[in-house]
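One structure is given here, and the rest of the page talks about it.
Just so it is clear, none of the values below were taken in a lab; they were calculated from the coordinates. The structure displayed is predicted, hence computed values, not measured ones. Cβ sites come from the backbone with ideal geometry, for glycine too, and all protein chains shown count toward neighbours.
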Ligand code: GLY
C-alpha cells in the first residue's frame, strides 16, 4: 500500500515485511537502538519482530508492565533511567513495539530524553494501528486523568503490520475497531457503512479498511496538527468516554472496561446529544444505536455514578474557561466542534445506555 506522508513522518502499511525499517536504520546508522515493549508484546510480538530486524547497532530491550494504569510519569522515569544507564545518546533510536500505551509513553520518553531522539512506532494492537500511533500525540496520564501530560511530536515512521492482529483476542479487535467506526462517523458515511458490513478482522478487505482509517485520520491531522480546530473531531465520543474511563479507574468499577468500549458508550451518548444540539437526523442516531446495541457491552451507571462521571468531564482538554465543549455530529460523516451542551442533557443522555 502507498506510504502516507504526514507532517515529517511516513506511515507504511506492510505485510510481514520490515524492509523500510531496516533501510532506515542502515541509512541513519544509530549509535544504539532501544526497543520498548510490555510483558505481552515481549512474549507475543517481539520474537517475530527481532527475527526480522537487520542491524549491526547495539540493541537494548526495555520492558514495562502492560496496562493503562502504567501509562504514567513513574514508568517514564524508569525508562529514562534505564536508557541513561544503558548509554543512550542523541544518535540513539527508539522503537516502540506495542499498543497505544507503549506508543504514547515511548513517544513521550523519546521526545524528551536528551531533548529528543528519533523514534519509530510499530503498533501491535488495532487501536494502535488506526489511532494511537498516527498523528504524533505522545504522553501519559496523571492519576486517572487521561493524557494530561504530553507533546505533539511525530515519529520518523510508523510501520503498520496487520499480521500482529493475530496476537489479539476478539475483545481487543473490537476495542480497536471502535476508533475506525468513529472515523466513519466524523468524516465518511460510506466508510461507516463499509465498517458495518465488515465481518472478518483477518482479511484483505479489513486490511484495506485499516488503511482507509489511517487515511481519514491523516487528512484531519494534516489540516490541523496541533488541534486548534478540525482535529478536535478525532475526540468525538471521547468527552464522555474518557470521563467514563477515569471514573472506572478511580472507583474500581467496570475494571475490565477497555478504552474502545468506553469510547463506544461515549459515541452513543454524544450522538444522542447531537440530535438535540447539532441536528443529527434521528434516523442516523437509530443506526448508531443499532451498532452500539450489537456490541453487547453492558455498561450502565446509576444516578450518583453519572454525577461523578460528569464531574470528570471538567478535565477534558477541549474545555474553554471551564465550559465543557463537545464535538457533535450534524449527520453521519460531518461534525461541528466547540458545542456547548447543558449538564441536564448529558445526564439524560445516559438513559440511552
Ligand atoms: N486520538 C486523537 C488524536 O490523535 O487527535
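Each label point was placed 7 Å from the Cα along the Cα-to-Cβ direction; for residue 1 and residue 193 their separation is 2.1 nm. Angle, helix 259-278 long axis vs. longest principal axis of the chain, Cα atoms, 0 to 90°, nearest 10? For helix 259-278, the angle is close to 40 degrees. Net length available on complete extension from residue 290 to residue 56 is 78.9 nm, with 0.36 nm assigned per residue and the Cα-Cα distance removed.
According to the calculation over all Cα-Cα pairs in segment 151-279, the P(r) per 5 Å bin from zero is 2, 9, 17, 20, 21, 17, 10, 3, 0 %.
So what's the angle, to the nearest 10 degrees on a 0 to 90 scale, between helix 100-112 and the longest Cα principal axis of the chain? So the inclination is approximately 60 degrees. Largest GNM mean-square fluctuation across 243, 57, 187, computed for the chain with C-alpha springs under 10 Å, falls on 57.
Starting from the coordinates of the alpha-carbon atoms of the chain, obtain the Kirkwood hydrodynamic radius over all distinct pairs and give the value in Å to one decimal. Answer for the chain: a Kirkwood hydrodynamic radius of 20.6 Å. Kirkwood radius for segment 295-340, taken over all pairs of different Cα atoms as the inverse mean of 1/r, rounds to 12.7 Å. Helical runs assigned H by DSSP (4 residues or longer) give the chain a calculated mean residue ellipticity at 222 nm of -14500 deg cm²/dmol, each run adding -39500 (n - 2.57) before division by the residue total. Within segment 249-353, the ratio Rg/Rh, alpha carbon atoms throughout and Rh by Kirkwood, equals 0.95.
Averaging sequence separations of C-alpha pairs under 8 Å and six or more residues apart, then dividing by the length of segment 175-276, give the relative contact order as a whole percent. Over segment 175-276, the number comes to 29 percent.
The packing ranking of peptides 7-17, 97-107, 28-38, 203-213, highest mean first, is 97-107, 28-38, 203-213, 7-17, where packing means the average number of other beta carbon atoms within 10 angstrom of each residue. For the chain, the share of DSSP beta bridges that are antiparallel, to the nearest 5, is 35%. Among 200, 39, 219, the largest mean-square fluctuation in a Gaussian network model of the chain (Cα springs under 10 Å) belongs to 200. Across segment 96-135, the relative contact order, built from alpha-carbon pairs under 8 Å that are at least six residues apart, equals 51 percent. Only Cα pairs under 8 Å and 6+ residues apart enter the sum, and on that basis the relative contact order of segment 256-353 stands at 37 percent. Taking a virtual spin label 7 Å from the Cα of residue 302 along the C-beta vector, which residues in segment 333-353 bring their backbone nitrogen under 20 Å of it? So the set is 347-353. Principal-axis analysis of the Cα atoms of the chain puts helix 73-85 at an angle of about 10° to the longest axis.
Nearest-5 percent of antiparallel DSSP beta bridges in segment 90-210? Approximately 40 percent, going by the DSSP bridge assignments.
Spin-label pair residue 19-residue 81: with each label point 7 Å from Cα along the Cα-Cβ axis, the two points sit 4.3 nm from one another.
Centroid-to-centroid, using Cα positions, segment 238-300 and segment 54-131 are 31 Å apart.
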